[in-house]
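The values are calculated or read from the model by the stated rules, or taken from the named source; none is laboratory data. These numbers were taken from a predicted model, which means no experiment stands behind them. Here the Cβ positions follow ideal geometry from the backbone for every residue, glycine too, while neighbour counts run over all protein chains shown. Protein only, heavy atoms only, side chains kept; ligands, DNA and RNA dropped before computing areas. Shrake-Rupley method; radii C 1.70, N 1.55, O 1.52, S 1.80 Å.
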Amino acid sequence: MTSTPQTDVVGSPQHISAEDPTWWRQAAVYQIYPRSFADANGDGIGDLQGIISRVPYLAELGIDAVWLSPFYPSALADGGYDVADYRDVDPRIGTLEEFDQMVAALHAEGIKVVVDIVPNHSSDEHVWFRQALAAGPGTPERERYIFRDGAGPDGSEPPTDWTSIFGGPAWTRVTEPDGTPGQWYLHLFAPEQPDFNWANPEVRADFLETLRFWSDRGVDGFRIDVAHALTKDLTDPLPSEAELDAIPRGEGQHPIWDRDEVHEIYAEWRKVFDSYDPPRTAVAEAWVERHRRPRYASAEGLGQAFEFDLLTQEFDAAAFKEVVVDSLTLAAESGSSSTWVLSNHDVVRHATRYGLPPLADQVGSTEQDQKQGAAWVLAGGPEDQLDREQGERRARAATLFELALPGSAYLYQGEELGLHEVGDIADDARQDPTFFRNPGVDKGRDGCRVPLPWARTGSSFGFGPGPAHLPQPQWFAEYSVEAQDGQQDSTLELYRSALRLRRQLQTAETLEWVDTGRDDVLAFRRPGGWVTVTNFGTAEAPLPAGEVLLTSAPLRDGQLPGEATAWIRQ
Ligand code: NOJ
Ligand code: CA
């Protein structure tokens, strides 16, 4: 790894005030994937006690909030995004009392808590879905989900030819209580994730109760899964897949995606959020056309929406600048702050993405891979395509670029270690439904969900006293917290320095671009004289005058090397 000059800045970090209702606007939010973060009891699955034991680590890292991916009871058909009970904790992960302890421990360090709400679908083990199966066709129980009779003379064909997001048909046939083959239900994702019927007031009321339940327990905010799919127009006759694909998605009238009336739901949720002091926050996971995002992010709606466009770009100055300019414009339009994401539990880790050839040149690359960010993983991760050092260099540069932008940054556990995607997980160890539903085509998302290495040694590199639920590669040892802690040139120390400085330097949510005279070098100035220079090229770049606060790679004769970022105070 490269060395990082550190500069001590006098003064203590400014903690976000506990009661500040705008805490989220420029927060650094750290995503915890609970089953893979820290395992206290050695059963191989990360748990709440594990998180509690690592609160000092999170505090030292300098994040403002954690977002927990689902920790609810679940059959784990989709890593917990198949929720069997929205108001409880998976007994393998902990208890509600431990959840309260965790919130208290995080709050004591000034760290806010955001939890994941999965409203588009439940688990097929949710009591409502079981009741729907038992009650039979035409009953109120079935009205909580989307059931239809099948096509064909005997109903043995699915109602439509729609494909689910995870591959395979989007309809599954049930067996009726009398044992005969029966109706079909819609699942945009896995068959174990039946879609709710949001036209049903019972569904709406139940989610309001869930939001209150967690808000009452002290949760500060919510991340809303698939926020753009809840309301659907499934009036007969249903369109075919080809017809569906031909309907524009950006006009609010598509039968499934991003319908205008979904915002009626969020207006109701907003009333709940605003009934708390400080108001609870929310961020939409909505893969919608850019011009449609502000509504999700508006103050009458969820308040913030993920900006994923940065993570689908190559490491390229023009591409990065365009996304930033657009995103800040959209944020201003909504009155919200912008959000930045380079990694999460659904995409290939950015250290790996940036170490691969451009997507278009990767083996087996398709347009669909754009979202995942790398065809490499789908192909099973052949190491000969990956330049690990280049990936890490660029990832460090991109991270400092991201953390200097106005708005909030969403970080994914392990990126502070510079972790790469794990490409070579054996097929029989994989868990992701996208792997099982696309045999031989898609390796799925397990590679970014491998349990964190905390120590150089041990049965699971310090993740827990036992083995880890997904196999960890040997190279995790040198990326472990233990290996990087206190090492000035490590990625972990870079994140710690950057997050500490960011708290001190963060001011108004604006930036001013600075002309660098080079197409491959971007520079911008924040109010207060915080200048960020990122060199996307390979030739060294001169730095503007000022005090160099932090760099992602050592300067060379006072110049910024290729694929590096510097923070300067003027
Ligand atoms: C988005 C989540 O981030 C992903 O992990 C999940 O598989 C789908 N939504 C379905 O809930
Ligand atoms: Ca455990």
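Numbers for the structure displayed
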{"read-out": "Computed Kirkwood radius, in angstrom, where 1/r is averaged over Cα pairs of the stretch 294-346", "value": "11.5 Å"}
{"read-out": "Over 32 Å (Cα to Cα) - which of K112/K443; K112/K321; K232/K271; K271/K443 fall in this group", "value": "K112/K443; K271/K443"}
{"read-out": "The stretch 417-479 - Debye-derived log10 I(q)/I(0), Cα point model, q = 0.15, 0.22, 0.23, 0.29 Å⁻¹", "value": "-0.46, -0.86, -0.91, -1.24"}
{"read-out": "0 to 90° range, to nearest 10: angle between helix 388-404 axis and the chain longest Cα axis", "value": "90 degrees"}
{"read-out": "Label-point separation in nm, V548 to D236, each point 7 Å along Cα→Cβ", "value": "7.2 nm"}
{"read-out": "Proximal charge balance of R144 [Cβ under 9 Å; K/R count +1, D/E count -1]", "value": "-3"}
{"read-out": "R212, R148, R280, reordered so the largest accessible area comes first (probe 1.4 Å)", "value": "R212, R148, R280"}
{"read-out": "Nearest-ten-degree value, helix 317-334 long axis tilted from longest Cα axis of the chain", "value": "60 degrees"}
{"read-out": "Rg over Rh [alpha-carbon atoms, Kirkwood Rh] for the stretch 127-186", "value": "0.97"}
{"read-out": "Spin-label model distance (nm) - E176 vs D245, 7 Å beyond Cα toward Cβ", "value": "3.5 nm"}
{"read-out": "222 nm mean residue ellipticity, helices alone, for the chain (DSSP H n ≥ 4; -39,500 (n - 2.57); rounded to 500)", "value": "-7000 deg cm²/dmol"}
{"read-out": "Inter-centroid distance (Cα atoms) of the stretch 512-570 relative to the stretch 137-207, Å", "value": "55 Å"}
{"read-out": "Per-residue SASA entry for I425, accessible area with 1.4 Å probe, Å² rounded to 10", "value": "10 Å²"}
{"read-out": "Rule-of-thumb Rg ratio for the chain [Cα; 2.2 N^0.38 Å; N residues]", "value": "0.96"}
{"read-out": "Whole-Hz couplings from phi, Karplus 6.51/-1.76/1.60, listed for the stretch 435-444; x for Gly and Pro", "value": "6, 5, 8, 9, x, x, 10, 10, 7, x"}
{"read-out": "Translational D in µm²/s for the stretch 223-367 (Stokes-Einstein at 20 °C, 1.002 mPa s, Kirkwood Rh from C-alpha pairs)", "value": "126 µm²/s"}
{"read-out": "FRET efficiency estimate (nearest 0.05) - Cβ-Cβ, E261 to A75, R0 25 angstrom", "value": "0.20"}
{"read-out": "Local electrostatic count at L76 - Lys and Arg +1, Asp and Glu -1, tallied over other residues with Cβ under 10 Å", "value": "-2"}
{"read-out": "C-alpha center-to-center spacing [the stretch 435-495, the stretch 21-63] in angstrom", "value": "15 Å"}
{"read-out": "Segment D216-Q390, length gained on full extension (0.36 nm per residue, minus Cα span)", "value": "58.0 nm"}
{"read-out": "Of all accessible heavy-atom area on the chain, the percent that carbon and sulfur account for (1.4 Å)", "value": "50 percent"}
{"read-out": "Residue-normalised accessible area of the chain, expressed per residue, 1.4 Å probe, Å²", "value": "37 Å²"}
{"read-out": "Calculated diffusion of the stretch 245-290, Stokes-Einstein form, Kirkwood radius summed over Cα pairs, 20 °C and 1.002 mPa s, µm²/s", "value": "175 µm²/s"}
